[in-house]
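Notes follow once the structure below has been shown.
Each value in this text was obtained by applying a stated rule to the coordinates, not by laboratory testing. Quick caveat, the model's predicted, so the values are computed rather than measured. Please note: Cβ atoms are built from the backbone with ideal geometry, for glycine as well, and neighbour counts cover all protein chains shown.
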Amino acid sequence: MRVAPYEAEDVLQELLATHPDLLAGGQMTPDVPRRWLLVRREFGVPDRDGGAGRWSVDHLFVDQDGVPTLVEVKRSSDTRVRREVVGQMLDYAANGVRYWPLQDLRVHFEQTQRDVGQDPQDAISRLCGDAMITVEEFFTKVAENLRTGRIRMVFVADVIPDELRRIVEFLNEQMNPAEVLAVEVKQYLAEGYPGKTLVPVVYGRTAAASVKTTPQRPNLQEMRQNADDHVRALWERLEQWARQQGRTLQNAPSGVRVLSQSGLRIVQLYPLDAVLCFNLDPMRHRGHESLAASCLASLRALTAKTLTTAYPSVPARDAVAGWDRVEELLDRLSRL
């Protein structure tokens, strides 16, 4: 077999979109296999005013830990594969961390998955190996990673120049918790054989970079203590409602949940985002279409915020102000 260049940059981009395990042959660290799902190709990085910004990153993925993975693809024949692409990637990362709206990320992800015939909820469950985690919960984790700067920047090319490799290794050693890597994906062809073999190699995982620490997620007590007045008031009302119903709230890494009589997760309070999320899609999947529609209408009457149809999240301030209606919804949903 012989090494062959890619016909065009789009070919390598499409391969990554459909086979994200090419990012380091299926794992980013020696011990922890990585899995990814595509959020969107050509994802625009907004500016401070919410505009489209100057550039778009070639691919935005998320891994099973909710770490956003920004991927920029260049062929070795493109002279920008060296310094210019590094500056662009740092621009993406700096502005994406600050200005990407969580709801936009989730909406783009759901649309991308539906475009390839995948149910977004099923895709998240397979990615995380947890049938109980919801799309809303997962993207709350994505938001936490963005807030703390826990992102991954990956440069992909058929040949990684020595100059780019040295830059990547330097940045990866200096940046924490962000990770910077380069992936070389060589293409091998054989005469008379219609297929191709792709061999990825990762650069940037030096000994110095391996000692990075992962930011610790605050526990529930810390979340409650540090939350604003509206979140604490809503938390207390949820606990009071649960006691009246003879129930307890279920603790979760990102907040607390309310379960129905059958064990269905119906509502989550996310203290870090100061929202109360209603799980309407799981209700629809169980045949409760009319109930989900009625709940969505009631929630939209509570807030001026634009709500998604699948997992609408009401700001804690609005949930407290409209608690009578929220309590009525809890009573109805808890009987499922």
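With a ≥ b ≥ c taken as the square roots of the eigenvalues of the C-alpha gyration tensor of region 250-300, please select rounded if a/c is under 1.5 and otherwise prolate if a/b is larger than b/c or oblate if it is not?
Working: a/c = 2.92, a/b = 1.44, b/c = 2.02.
The shape class here is oblate.
Do the sum for the chain: with -39,500 (n - 2.57) for every DSSP H run of n ≥ 4, divided by all residues, what is the mean residue ellipticity at 222 nm, to the nearest 500 deg cm²/dmol? Before the final figure, lay out the partial values.
Working: 12 runs with 135 residues, N = 336.
Calculated from helices alone, the mean residue ellipticity at 222 nm is -12000 deg cm²/dmol.
Calculate the FRET efficiency for residue 65 and residue 190 from the Cβ-Cβ distance with a Förster distance of 35 Å, rounded to the nearest 0.05. Write down the numbers at each step before the final one.
Details: r = 38 Å, r/R0 = 1.07.
Calculated value: 0.40.
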| task | Can you tell me the dipole magnitude for region 220-333 around its Cα centre, using point charges on the Cβ only (Lys, Arg +1; Asp, Glu -1), in Debye to the nearest 20? | result | 240 debye
| Relative to the first principal axis of the alpha-carbon coordinates of the chain, what is the inclination of helix 83-99, with its axis defined by its Cα atoms, in degrees from 0 to 90 and to the nearest 10? | 0 degrees
| query | Of 303, 235, 37, which is farthest along the charge dipole of the chain in the positive direction, counting Lys and Arg as +1 and Asp and Glu as -1 at C-beta? | reply | 235
| field | Count of Lys pairs (Cα-Cα under 27 Å; at least 8 positions apart or interchain) in the chain | value | 5
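Mind putting a number on the dipole of region 68-170 about its Cα centre? Charges go on the C-beta only, +1 for Lys and Arg and -1 for Asp and Glu, and I need it in Debye to the nearest 20. Working shown, then result.
On the way: 15 positive and 17 negative charges, 82 e Å.
Magnitude of the dipole: close to 400 debye.
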| request: Would you mind counting up the charge near residue 15? Only other residues with Cβ under 13 Å from its Cβ, with Lys and Arg at +1 and Asp and Glu at -1. | output: -3
| Which of 111, 258, 199 sits closest to the plus end of the dipole of the chain, meaning its Cα is farthest towards the positive end, when Lys and Arg get +1 and Asp and Glu get -1 on the C-beta? | 258
| request: Give me the angle, in degrees from 0 to 90, between the Cα long axis of helix 102-115 and the longest principal axis of the Cα atoms of the chain, rounded to the nearest 10. | output: 70 degrees
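Answer rounded, prolate or oblate for region 117-270, using the Cα gyration tensor with square roots of eigenvalues a ≥ b ≥ c: rounded when a/c is under 1.5, else prolate when a/b is larger than b/c, else oblate.
oblate
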| By count of other Cβ within 10 Å, fewest leading, how are 277, 295 ordered? | 295, 277
| By how many degrees, 0 to 90 and rounded to 10, does the Cα axis of helix 289-300 deviate from the longest principal axis of the chain? | 90 degrees
| query | To the nearest 20 debye, what charge dipole does the chain have about its Cα centre, counting +1 at the Cβ of each Lys and Arg and -1 at the Cβ of each Asp and Glu? | reply | 560 debye
